[in-house]
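The values are calculated or read from the model by the stated rules, or taken from the named source; none is laboratory data. Everything quoted here is computed from the prediction, not taken from an experiment. Using ideal geometry, Cβ is built from the backbone for each residue, glycine included, and neighbour counts are taken over all protein chains shown. Note: areas computed on protein heavy atoms with side chains; ligands, DNA, RNA excluded. Shrake-Rupley method; radii C 1.70, N 1.55, O 1.52, S 1.80 Å.
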Amino acid sequence: MKSSQHAEIAGQAAVQRVLVRAVNWIGDAVMTTPALMAVRETYPRAEITLLANPLVGQLLQGHPALDRVMLFDRKLKHRGLLGRLRLARQLAAERFDLAVILPNSFDSALVPWLARIPARIGKASDGRSLLLTHRFYEQSPSAERHEVQYYRELLGAFGISAEQSTPTLAVTAQEEQEVSTLLAEHGISAEEMVLGVNAGASFGSAKRWYPERFANVAQRLAASWGARVILFGGPDEQELVAVIEREMAGNCLNLAGKTTVRQLMALIKRCNFFVTNDSGPMHIAAAFGVPLVAIFGPTDHRGTAPCSNKAVIVRQTIDCAPCKLRVCPTDHRCMTAVTVEDVVKSANLLWKNEGVKTR
C-alpha cells in the first residue's frame, strides 16, 4: 500500500464515524489504548465507537479515546453465522465510514466486511486480505518489539498516530468512592497501605506461580510494610485464591470472583503495591501507575511486559522458556525456579526506590 493511500484515510474530512474492533483479552486491550488515543488524535471530530466483548467493553467504558462502546457476544446473541449476520446488520445501520480492525483474526474482519463499511483497515493475515480495503503488511518484526508498539505500528501505517506511547485507563470518581466504601466495610481505611495479590492468569495454568508462594510473599511484605492484603482473581480462580486465604489464616480480603471489571479496576488503582502473574490485572495495575512485581515463566516478557517504570519482572532463564504454552508439558521449571525470596527482594527494592515510607 502506498503512502498516498495512507494519507487518503487519515485526512478524509468525510470520516465522521469510526468503528474500532477491539481485541478480546483484557491485558491485550490495555496494551491497545495508545493506539486508541492515536485514533482519537487523528480524527478529533469523529464519533469513535468500540466494538468489544462484554469484559473488554467494561474495561474501556468511558475511556477518553472513545465516545461509546457496542457489545457483541459470540456465545449468545452473535453466535454462529446467523449471529454474525445480525451483528453486521446492526453495524450497517450505524453507517460507519471507517473500521479499524485491531485483532488479526478472519472473524474480526468478516463482520465489518459484511456490514459494508467503506474503509476497513487491518493487518493482512489469516486469509482475510480481501476483506480489507487497506492492508498492513508486516516486515520482519523485531523479537523484542512490545505489543504496544505493534499496535502503534499497525495504525501508523495508515497515518494514524499520536505521541502517547503508554497505556491509560480511566475510572470515575463514583467508582473510586464505591471502592472506598467497600473497603471501609471490611475495616480497611483510606489511610492504610494496600497490597494487591493476583495469583491467576486466564490464558492457562502454565502462567501461574504457586498459591502457597504467593501467600508467603504476601505475609512477609504485609508484616514488613504494615499493609492490608487484597486477593484478586476471576470466577474460575476462586479455588486457587482460597488456597492463599487459608495459608494466610484469613488475614486478607478475598475478592476473587466477587467483582465486576469496573470494580476490579478501581480496586487495583487503590492498591499501593501489586504482586502478580503475567495477566490482565498486571496490565491494569501498570496503566494506573501502581508499583508492581510481575512473575513471568512461559510467556515472553519482551513483548508483554507491564508498560511502567514502576514495574519489576521476576523470571529465571530456562532453556525451554518462553514456550508460550497454556499448560506445561514437563516440570514447570520456569516457575518452580522463581523463589519467594526472589519476589520479596524485588518488591522491597522497588518499594524502597519509590521513596514511600512504610508504617
TODO: For region 206-213, state whether one or more residues are more than 18 Å from E341 (Cα to Cα), modelled with pLDDT under 95, of a type outside the set (S, T, Y) and open to solvent by less than 30 Å² (accessible area, probe 1.4 Å).
DONE: yes
TODO: Grab the strands (runs of 3 or more DSSP E) fully contained in region 66-180, keeping just those with 1 or more residues being of a type in the set (A, V, I, L, M) and either more than 20 Å from A14 (Cα to Cα) or open to solvent by less than 60 Å² (accessible area, probe 1.4 Å) (or both).
DONE: 68-71, 98-101, 119-123
- [ ] For region 310-359, name all the residues that are buried (at least 17 other Cβ atoms within 10 Å of the Cβ), outside any loop (DSSP other than H, G, I, E, B) and modelled with pLDDT under 70.
- [x] none
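A quick yes/no check of all residues on (1) of a type in the set (V, I, T); (2) under 25 Å from S189 (Cα atoms); (3) assigned to a loop (DSSP other than H, G, I, E, B); (4) in contact (Cβ under 8 Å) with a residue 12 or more places away in the chain:
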site: G250; (1), (2), (3), (4): no, yes, yes, no
site: K258; (1), (2), (3), (4): no, yes, yes, no
site: Q263; (1), (2), (3), (4): no, yes, no, yes
site: I268; (1), (2), (3), (4): yes, yes, no, yes
site: I284; (1), (2), (3), (4): yes, yes, no, yes
site: A294; (1), (2), (3), (4): no, no, no, yes
site: T299; (1), (2), (3), (4): yes, no, yes, yes
site: P306; (1), (2), (3), (4): no, no, yes, yes
TODO: Taking the options C307, C252, name whichever one is open to solvent by 20 Å² or more (accessible area, probe 1.4 Å), at pLDDT 90 or above and in contact with a Leu (Cβ under 7 Å, 6 or more places away or on another chain).
DONE: C252
- [ ] Considering only region 30-63, state which residues are out of contact with any Leu (no Cβ under 9 Å at 6 or more places or on another chain), assigned to a loop (DSSP other than H, G, I, E, B) and either closer than 20 Å to L98 by Cα or without any contact (Cβ under 8 Å) to a residue 24 or more places away in the chain (or both).
- [x] P44, R45
Task: Of residues in region 265-288 being farther than 21 Å from A215 by Cα, under 13 Å from the mean Cα position of the chain (by Cα) and of a type in the set (G, A, S), the one surrounded by the most Cβ atoms within 10 Å (Cβ to Cβ) - done: A286
